[in-house]
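The values are calculated or read from the model by the stated rules, or taken from the named source; none is laboratory data. Nothing here was measured: the structure is a model prediction, and the numbers come from that model. All Cβ positions, even for glycine, are placed from backbone atoms using ideal geometry, and neighbour counts span all protein chains on display.
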Amino acid sequence: MLEEEQQGGRIFFSNVGRSMELEDEIRLTSVGIDIGSSTSHLAFSRIVLERLDTRYMVVERTLLHQSEVLLTPYADDSEIDAEALRAL
């Protein structure tokens, strides 16, 4: 890998020698956060995208971690308790 691509394990598409539109395969780590009115949870996934003509398609998704589904904490009858949610 090029030195620019190894900075802290991150790949930067903004450097001069690399363009996202020229990549045939892109690997990403994704975070899904669902804060609902009754339950909340989160998931971390590794996603592989492959270029098909001018569009990218998800060709692989690996679940890395999924939290338990937890009851959404409320500060009062209408406001979610952000501090309690952060602790979850």
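Filtered by the rule that a residue be surrounded by 12 or more Cβ atoms within 10 Å (Cβ to Cβ), of a type in the set (A, V, I, L, M, F, W, C) and out of contact with any Ser or Thr (no Cβ under 8 Å at 6 or more places or on another chain), the range 59-88 gives Ala75, Ala84. Scanning the range 21-43 for residues that are in contact with a Phe, Trp or Tyr (Cβ under 8 Å, 6 or more places away or on another chain), loosely packed, with under 12 Cβ neighbours inside 10 Å and modelled with pLDDT under 90 yields no hits at all.
With respect to the conditions (1) touching an Asp or Glu at 6+ places or on another chain (Cβ under 9 Å); (2) modelled with pLDDT under 90; (3) of a type in the set (Lys, Arg), Arg46 lacks only one, and its number is (2). Taking residues in the range 69-88 that are in contact (Cβ under 8 Å) with a residue 40 or more places away in the chain and closer than 18 Å to Gly32 by Cβ, and partners anywhere that are exposed (fewer than 14 other Cβ atoms within 10 Å of the Cβ) and small (Gly, Ala, Ser), the pairs with Cβ atoms closer than 8 Å and at least 6 places apart or on different chains are Leu88/Ser67. Got at least one residue in the range 63-71 being within 14 Å of the chain's Cα centre (by Cα) and of a type in the set (A, V, I, L, M)? The answer is yes, given that some residue of the range 63-71 is within 14 Å of the chain's Cα centre (by Cα) and of a type in the set (A, V, I, L, M).
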